[in-house]
1. I'd like the full set of residues that are farther than 20 Å from residue 138 by Cα and either crowded, with 19+ Cβ neighbours inside 10 Å or within 15 Å of the chain's Cα centre (by Cα) (or both), limited to the stretch 56-87.
2. Go through (1) within 12 Å of the chain's Cα centre (by Cα); (2) modelled with pLDDT of 80 or more; (3) outside any loop (DSSP other than H, G, I, E, B) for residue 53 and report which single condition fails.
3. Any idea which residue in the stretch 90-120 is surrounded by the most Cβ atoms within 10 Å (Cβ to Cβ), counting only those that are farther than 22 Å from residue 131 by Cβ and in contact with a helix residue (DSSP H, G or I) (Cβ under 9 Å, 6 or more places away or on another chain)?
4. Hey, can you tell me all the residues within the stretch 88-103 that are more than 16 Å from residue 70 (Cβ to Cβ) and under 11 Å from the mean Cα position of the chain (by Cα)?
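The values are calculated or read from the model by the stated rules, or taken from the named source; none is laboratory data. Worth saying up front: this structure is predicted, and the values here are computed from it rather than measured. We place every Cβ from the backbone using ideal geometry, glycine too, and count neighbours over all the protein chains shown.
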């Protein structure tokens with residue numbers, strides 16, 4: 001359940017970062033991807049993967065707990081959940097959503113995101129309906145323990 005929430009938040013925030021980083025001033029809609037020739041397809045952009053920007057994110061859950069998510073180049077992810085559990089896996093796009101595969105777990109979790117706020121944060125919704133806030137961070141705060 002926590003993994004789903006974390007990924008949903010990531011999806012939403014990543015979508016904001018991807019659209020801001022385009023910088024070409026040209027449309028990047030699905031119509032262009034459909035008419036692109038195979039030789040022109042960039043698997044990290046034309047397939048929809050531009051929606052997830054590599055970086056560190058905090059995923060704030062409805063109960064106030066915060067998970068730490070890192071999106072790595074190559075469409076992989078690593079997370080440390082608020083309870084200290086760690087996980088990782090791969091990311092892919094499907095039906096306008098970003099989906100996360102967790103290593104060692106069957107299946108995948110897909111998430112839908114809303115419009116990003118001015119600060120780069122975004123509300124995301126998991127398949128089970130839970131809403132989360134995903135926000136970019138420079139680094140994760142270290143707690144003394």
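1. Matches in the stretch 56-87: 87 only.
2. Result: residue 53 passes all but (3).
3. 92
4. 92, 93, 97, 99
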